[in-house]
1. Tally the residues that are open to solvent by 60 Å² or more (accessible area, probe 1.4 Å) and under 15 Å from the mean Cα position of the chain (by Cα), restricting the search to region 44-54.
2. Scan TYR61, TYR79 and give me the residue that is modelled with pLDDT of 95 or more and either surrounded by fewer than 14 Cβ atoms within 10 Å (Cβ to Cβ) or small (Gly, Ala, Ser) (or both).
3. Can you tell me which residue within region 64-76, out of those that are touching a residue at least 24 places away in the same chain (Cβ under 8 Å) and open to solvent by 40 Å² or more (accessible area, probe 1.4 Å), is nearest to GLN6 (Cα to Cα)?
4. Can you tell me how many residues within region 1-27 are in a loop (DSSP other than H, G, I, E, B) and over 15 Å from ASP99 (Cβ atoms)?
5. Name every residue in region 89-115 that is outside any strand (DSSP E or B) and either closer than 18 Å to VAL12 by Cβ or within 11 Å of the chain's Cα centre (by Cα) (or both), in order of residue number.
Amino acid sequence: QVQLVQSGGGLVQPGGSLRLSCAASGSSFDIYTMGWYRRAPGKQREFVASITGRNITTYTYSVKGRFTISRDNNKNTLYLEMNNLKPEDTAVYYCNRGDPVRGYWGQGTQVTVSS
C-alpha cells in the first residue's frame, strides 16, 4: 500500500513563506523520484519541482531561486520550501511518487497568496 499525506498549506501574504510536507507510507521510498505539481482553477496541472533518489533536483523556471525541494529518506518525507511567494503561486499543490501518469498522488493542499 502507498499513501501520501500532505500538510503545510495555507494563506500567506505576498513575499511570505510556507513549507509543504508529504509523508509517504509504503516501501522503497528512497528509490523513487518525488515531485510537486500544482493546479490553479481553470488551468492544467503544472510541474513545479522534482527530486530523484540521488537528490538530483529540477525546477520549473518560475520558481527557481524561490522554492527548494528536498527529501528526508529516514522519515519517508518530501518537502517543498516556498519563499517570496507571489499571487501567481496560488494553487492546489500535490505531491507525487514515481511519475505523474503512473505514480501515486497526495490529497492536495491549498496554497493561497493574497494581501
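1. Residues in region 44-54 being open to solvent by 60 Å² or more (accessible area, probe 1.4 Å) and under 15 Å from the mean Cα position of the chain (by Cα): 3 in total.
2. So the residue among TYR61, TYR79 that is modelled with pLDDT of 95 or more and either surrounded by fewer than 14 Cβ atoms within 10 Å (Cβ to Cβ) or small (Gly, Ala, Ser) (or both) is TYR61.
3. Checked region 64-76; the qualifying residue nearest to GLN6 (Cα to Cα) is ASN76.
4. 12
5. Answer for region 89-115, where residues must be outside any strand (DSSP E or B) and either closer than 18 Å to VAL12 by Cβ or within 11 Å of the chain's Cα centre (by Cα) (or both): ASP89, THR90, GLY106, GLY108, SER114, SER115.
The values are calculated or read from the model by the stated rules, or taken from the named source; none is laboratory data. None of these values were measured; they are calculated from a predicted model. Cβ coordinates were reconstructed from backbone atoms using ideal geometry, including for glycine residues, and neighbour counts include every protein chain displayed. Areas reflect the complete protein model, heavy atoms only, side chains present, ligands, DNA and RNA absent. Shrake-Rupley method; radii C 1.70, N 1.55, O 1.52, S 1.80 Å.
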